[in-house]
Amino acid sequence: MPLQLGALREALIDAGASPVKADEASEELAIYEHRLGSPELKVEKLAGEVNSLRGEMKGEFNAIRGEMNAIRGEMKGGFQAIEGKFQAADGKTQGLEGKIDGLRSELRVYTLVMSVIVSLIAAAYWHSLPPVH
């Protein structure tokens, strides 16, 4: 209920206050009433601000959620690309292992051939030596 300053002024004068003092008291009370305002209005204003902030926060959270989902998608795509590169590298490694196995086989053959050649050279040299009596 709004303050009735005229009635307050009259009541103060009837109670024995001077008209100047009654005016000052009424004005001071009016200032406080204006400064404090109606509690219901303040609560309504605060409730509106809270609802507004709630809406803003919900919007921000949804935006952040969207960004996080986009990052997850990019990471998933990145991981799939890396997996593909690992598989390609694994295929190359298996190919190199096959070549190494082939070279080992060739090296065994060359080692065997060299052993035979060394044996033949040693036998030829042995037969070229004069007999020992």
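Considering only the other residues whose Cβ falls under 11 Å of the Cβ of residue 90, what net charge follows from Lys and Arg at +1 and Asp and Glu at -1? Can you show the working numbers first?
Details: positive: 85, 92; negative: 83, 97.
Net charge in that neighbourhood comes out at 0.
Enumerate the residues in the range 42-81 having an amide nitrogen under 20 Å from the point lying 7 Å beyond the Cα of residue 88 toward its Cβ.
Under cut-off, by backbone N: 74-81.
For a test of the definition: using alpha carbon positions, the gyration tensor, and the 1.5 limit on a/c, classify the chain as rounded, prolate or oblate.
Details: a/c = 19.38, a/b = 6.41, b/c = 3.02.
Prolate, because a/c is 1.5 or more and a/b exceeds b/c.
What lysines does residue 76 reach when the alpha-carbon gap must be under 25 Å and sequence neighbours fewer than 8 apart in one chain are set aside?
Here the lysines satisfying the reach criterion relative to residue 76 are 85, 92.
Rule-based calculations on the coordinates, nothing more; no lab input. As the structure is a prediction and not an experimental result, all values here were calculated from the model. Backbone-built Cβ (ideal geometry, glycine too); neighbour counts: all protein chains shown.
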